Each structure stands twice: as structure tokens, then as C-alpha cells.
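Worksheet: one structure, shown below.
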Amino acid sequence: MAASLSTEGLQQEFDRLVADDQRIEPRDWMPDDYRKTLVRQIAQHAHSEIIGMQPEGNWITRAPSLRRKAILMAKVQDEAGHGLYLYCAAETLGVDRGELIDLLHSGRQKYSSIFNYPTLTWADVGAIGWLVDGAAITNQIPLCRCSYGPYARAMVRVCKEESFHQRQGYELLYALTHGTDAQRAMAQDAVNRWWWPSLMMFGPPDTESTHTAQSMAWRIKRFSNDELRQRFVDMTVPQAEVLGVTLPDPVLRWNEDRRHYDFGECDWDELRRVVSGEGPCNRQRMEHHIAAHDEGAWVREAAAAYAAKHAAVDAAA
Ligand code: FAQ
């Protein structure tokens, strides 16, 4: 069909597929800006999963029991898997993973602000699972219905795994809040530090979000940043009550008229600083990623040589 239609006809067919809630697949014609938006978002998402292994990876050797260590290792490994599905989804748009990693290393692509905060105590592992994975799921469940097929399908599996991650964080914090006074204080301190950065994961307020309107028209995003942030707050406040922690927001309260929780304003200057490279751990995260990438060069070379050898054998057969 692509060969026989004019650009206008192709655009109409694309618009029809999106309006009918059908999936755009890699073989389909798509507008250049749709492709660019997807590459930007999927690459940023993939980088976030990979850089996101660092804050929790910091605690694998110090987990307080074998059970906790096994759970944490499985979780961090899952994040690596998510990064790989997402790089594969991006590659269906005609870009190469190596190219995306270069863009990350040169600061031309981003990763989520949240991974630029330090993990100071063991309770941070629980707070990340409960709040960060909780926010990630809230954002990612609608992405399972994203108009681009490979991204939507990757999200289905990612969301299943994220929900295990969120539960393990909640369960870890529950054990701490039902433990000693020192454990309760450690849990509360972690929640105090991770609450606002978790709300900022949803991106700038709608009034400042440059991409939301177009991404919603293309059905890449199904809800705006503020809608998802509200959904996350509504879901999380009752969980905080069961855990027995307070959320560090003096204006947080149920609004009977809106049937939602009212909550305070994030520090948007802080989000801007962290996204522009001035967060507490930005430099450390990138240095670590670049060093790991360089040290892994021999593995990539060996894998490529192995694949080339087998391709030559197959071709000769
Ligand atoms: N951090 O116009 P919008 C996870 C940028 S995965 C950094 O609103 P958009 C799992 C944005 O890119 C977490 N940058 O943009 C896990 C844009 O920049 P540009 C990652 C941010 O795309 C858990 C500019 O600001 N999840 O946590 C942030 O429509 C535990 C304007 O913003 C995803 O990536 C931010 N927070 O909406 C792993 C989900 N917010 O390129 C390990 C997919 C905004 O114009 C451990 N992504 N920016 O210069 C999305 O849903 C969207 O891309 C948003 C942003 C909602 C993040």
C-alpha cells in the first residue's frame, strides 16, 4: 500500500489507524515527527531502566538477609531486561542501540530525573520499590495501549514485572514500619526523601509540558502528566496509611468535591536542575555508565565475532 499512495494518502491512512485505536507497526508509513517522538521517549525510557539499576544495585552486597538479597538481585536484573526490550523496540524505528547510547553519553538524550538521587539507607530500597516503581506503573499501564505496537507490547511484560517490584518495596517498608523504633524512623526518612522526586517523575506540569498535546493526539500518551500524577497520589495515600508513614506534604488532604486528594506543588526548579545535569548524583551515574560500557567493549566485540563466524558457517552450508 505504501508504494501506491501519495504522502497525503499515507498520512490519512496513518490518521485513520490511530483514530481507530489500531497499532502502527514498524512496516507502516509514519510521519517523521511521530518516529522522532517515539525514538526520544523509548530511548529515554530504556536509558532510565539501565541507569535505574545503579541506585538499588548499591545495596545488593549490603542486603540484610539472603532472602532480601535474592529479591533485590532479581529486581535489578529485571530492570536490565526492561532496558533491553526497550532498546529493541527503539531499534524497530530504524535506530541502532549503540547510537542511542552515544547520545546518552554525550548528553543529547536523557534518563529519568529520579535516578539522580542517592540511596542512603536500606529503607531507600523499599521506598524506591513502593514509590518509584509505583509511579512507573501508573505511567506505564496506559503505555500498554500506546499506538506504536512494539512499544505497547514491551510495556505489557514490563508492567507485570514492575508490579512485583512495587509489592516487594511495600512489603520491605511494611517490615520496617512494624519493626523497631530505629527501623520505623529509617522508613519514614526514606519516604520523606523519595516522595517529591517520585511525583516529579511524571514530568513538568501540563502547562509546561512541550510534548503532551501532540503525543496525546498520536495516542502515544493517553493521559497528561498532571492526570497521572493525581492518579498516583490517590492510589498511594491509602497505602501510606496502612504502612503507618506520613507523606511530607502539609497540604495533602482528601477533597470530597473533587473526589481526589489535593496535594502541594513540586519544586519545579529542582526538577529543571536535575534534568539539566545538576542533581545530586548525575555525574556519578554517567561516569559509572560510561566506565561499564567501555569495560564491556570486549564482550560486544566477542559476541559480534561469534555471530559473524556462525553467519559465515550458515552461509557456506
Ligand atoms: N526526568 O513534554 P514533557 C522506571 C523531559 S522507568 C527527565 O512532559 P513527555 C522503572 C522530557 O523528556 C522511568 N526528563 O515530555 C524503574 C522532555 O525533554 P526534551 C522512566 C524529563 O515525553 C523503577 C521535557 O522534559 N519512565 O522508573 C522528565 O511528553 C525503579 C518536557 O517534558 C519513562 O520514561 C523526568 N522525570 O513526558 C527502573 C516512561 N519528565 O526531550 C529502575 C516513558 C519530563 O523535550 C528502578 N516516558 N522530562 O528535551 C514518558 O511517559 C514521558 O516521556 C514522560 C515525559 C512522562 C516522562
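Read the figures in this text as sums done on the coordinates, not as results from a lab. Source: prediction; values computed, not measured. As a convention, Cβ positions derive from the backbone with ideal geometry for all residues, glycine included, and neighbour counts pool all protein chains shown.
Springs between alpha-carbon atoms under 10 Å, Gaussian network over the chain: tell me which of ASP257, ASP267, ASP124 tops the mean-square fluctuations. Maximum among the listed residues: ASP257.
Distance between the C-alpha centres of the range 223-266 and the range 111-152: 17 Å, rounded to the whole angstrom. Please return the longest stretch of the chain lacking exposed loop sites, where trypsin sites (Lys or Arg not before Pro) count only if DSSP places them in a loop and at most 12 other Cβ atoms lie within 10 Å. Longest stretch, sites excluded: 109-257.
How large is the translational diffusion coefficient of the range 165-260 in µm² per second when you combine the Kirkwood radius over alpha carbon pairs with Stokes-Einstein at 10 °C and 1.306 mPa s? Approximately 104 µm²/s, per Stokes-Einstein. If the segment from ARG97 to SER65 were pulled out straight at 0.36 nm per residue, it would be longer than the present Cα-Cα gap by 7.9 nm. Comparing the range 1-85 with the 2.2 N^0.38 Å rule of thumb, its C-alpha radius of gyration ratio is 1.72 (two decimals).
Expressed as a fraction of 2.2 N^0.38 Å, the value expected for a compact globular protein of N residues, the C-alpha radius of gyration of the chain is 1.08. Over the residues of the chain, the helix contribution to mean residue ellipticity at 222 nm works out to -20500 deg cm²/dmol, using -39500 (n - 2.57) for each DSSP H run of at least 4. Note that the range 40-131 carries a Kirkwood radius of 14.0 Å, evaluated over its alpha carbons pair by pair.
In summary, the convex hull built on the alpha carbon positions of the range 154-201 has an orientation-averaged projected area of 3.7 nm². Under a GNM of the chain (C-alpha, springs under 10 Å), which listed residue has the highest mean-square fluctuation: ALA80, ALA304, ALA135? Top of the fluctuation ranking is ALA304. For the pair GLU265 and HIS105 in one chain, pulling the backbone fully straight at 0.36 nm per residue adds 54.4 nm over the alpha carbon distance. In loop segments of the range 258-317 as defined by DSSP, the GluC sites (Glu not before Pro) with at most 15 further C-beta atoms inside 10 Å of their C-beta are GLU265.
Beyond 11 Å, what share of the Cα-Cα pairs of the range 204-248 is found? Please give it as a whole percent. Summing the P(r) of the range 204-248 above 11 Å gives 68 percent of all pairs.
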